[in-house]
Every structure is written in C-alpha cells, then in structure tokens.
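First comes the structure, then the notes that go with it.
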Amino acid sequence: DGGITQSPKYLFRKEGQNVTLSCEQNLNHDAMYWYRQDPGQGLRLIYYSQIVNDFQKGDIAEGYSVSREKKESFPLTVTSAQKNPTAFYLCASSMEGDTLYTEAFFGQGTRLTVV
Amino acid sequence: AQSVSQHNHHVILSEAASLELGCNYSYGGTVNLFWYVQYPGQHLQLLLKYFSGDPLVKGIKGFEAEFIKSKFSFNLRKPSVQWSDTAEYFCAVILTGTASKLTFGTGTRLQVTL
C-alpha cells in the first residue's frame, strides 16, 4: 500500500536529549513537510523539502533540523535547543512542480513527550 | 504575513443540524484552497479542494465549500451533520507559484451530539 509512515507513534525523551523522528513515503512524491500540531494552534510548518538534498525553513524551524538524502525519507531531529518540544508531529508529502501543487498526504503522526 | 483564520474554535451541533465553518485567508495572489479533517485517532485526510473553475466545490461525505474571492473566504458547509462528523476541521491555503508553503488555520473542533 502506498502511503506515509511515521515512526514511532509515541516517543518519550529526557530534557536535553536530541531525538529523531522518522518519516518515509512510497508515493514517489517530490515534496515532503514537517508540521507541528498543538491544541488551539493548528498545524505549523517546521521544514519542507521540494527535492532531494534541498530543504527550507518553515515558520517555526528554530530548534529543529532535517535532512533529505533520499526521495523517500525526511527525518526530523528535535534538538535540545527547542524550548517546548512536547507536541504532535506530522509528516506530509505531495507531488509538486513550479506551477503544480496537489494535495498533501499525511502520516499518522508522532507524539513526542519530553520529561 | 500570510495567514489563514478559522474563527470558530469549537462548535457543538445536534445531529441533523446544518453546519458552516468559516475560513478566511490574507493572501493577495491566486490561491489553492483545502479543507482537511482529522477524526479522533486518525490521520489528517482531505475533504475537498479548490484549484480553479466552479467556486462551489463538493467533497466527500456530503461536504461542500464555496470560494468567494472578493471576501477571501472558503467556508465549509454541510446541510445535515451526523454524529460521525465529530472531528477537527482544518482550512489550508497555498499561494500558487510558491510551492510547499501550505499554511493551515488553527482548526475547528466540531462536536455532534445525538
């Protein structure tokens, strides 16, 4: 089945530790994204990538880092510099071109709790 | 700054009531518009989308939305809600030509009572 897989579903980490969230897609989509979802704030864009080996900061990139070494994979690292890392993280992907944009498809999310 | 506003944060309706959820955006150019739904415990899924053409678009499960360019709005409607429509609804907008900057509203939590 084609889709987006995020792992793990739940993640617990101690304060001060970096943690990496996995996102893999087999939809052959060019673009991938990371959003953070907090109650009452909707989805806020952290980072996005339109092609391999290239990515851009979103609206709330501070304290996060990403890589895009393969088309299928877009891991997100939550660093110790992120002041409020406990949240629900969503990965998405879409077909994309200069003037083409299709809908974004989402993974099931990773709930990160930092204690 | 570009933004998307959903003014209804929490809506409670009885089954069979009509629904309208507001969505306004602040982009100045040509936009693509989306409504996504997140049912409890499930991933976000697309309800409907507007790219061009007829401003009244129909989506899944009896939902529809109307794009009113002059009002910068894309309100979601359903004539008669069901208990199974209980979910969180997100409006999203992307400015064409600025690929990847899909911006979401803060969401509206809909609770349908029996």
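For the reader, a short list of remarks on this structure follows.
- Take each residue of peptide A:34-41, count the partner chain Cβ atoms within 10 Å of its Cβ, and average: the result is 3.
- 3J(HN,Hα) along region A:89-95, derived from phi through the Karplus expression 6.51 cos²θ - 1.76 cosθ + 1.60 where θ = phi - 60°, amounts to 10, 10, 9, 9, 8, 7, 6 Hz, with x in place of Gly and Pro.
- Computed over chain B: relative contact order in percent, which uses C-alpha pairs under 8 Å that are six or more apart: 37
- Label point 7 Å beyond Cα of A:THR77 along Cβ direction - residues of region A:42-71 with amide nitrogen under 14 Å: A:63-69
- Eigenvalues of the alpha-carbon gyration tensor of chain B, scaled by 5 and square-rooted, set the equivalent ellipsoid semi-axes at 24, 14, 12 angstrom, largest first.
- Using a Förster distance of 45 Å, the FRET efficiency for B:PHE51-A:GLU15 (Cβ separation, nearest 0.05): 0.55
- The alpha-carbon positions of the protein assembly as shown define a convex hull whose volume is 126 Å³ per residue.
- Of B:LEU47, A:LEU90, B:LEU95, B:LEU56, the sequence from fewest to most neighbouring Cβ atoms within 10 angstrom is B:LEU56, B:LEU95, B:LEU47, A:LEU90.
- Base-10 log of normalised Debye intensity for chain A (one unit scatterer per alpha-carbon) at q = 0.11, 0.12, 0.13 Å⁻¹: -0.32, -0.38, -0.45
- Taking every C-alpha pair closer than 8 Å and separated by at least 6 residues, the mean separation divided by the residue count of chain A gives a relative contact order of 34 percent.
- Taking other C-beta atoms within 10 angstrom as a stand-in for reagent exposure, A:ASP30, B:ASP54, A:ASP59 fall in the order B:ASP54, A:ASP59, A:ASP30, fewest first.
- Spacing of the modelled spin labels on A:THR113 and A:SER7, each 7 Å from Cα toward Cβ, amounts to 2.2 nm.
- Averaging over all projection directions, the Cα-based convex hull of region B:16-78 occupies 5.0 nm² in the image plane.
All of the numbers you see were taken from the coordinates with simple rules; none came from a lab. None of the values given here were measured: they were computed from a predicted structure. Note: ideal-geometry Cβ built from the backbone for every residue, glycine included; neighbour counts use all protein chains shown.
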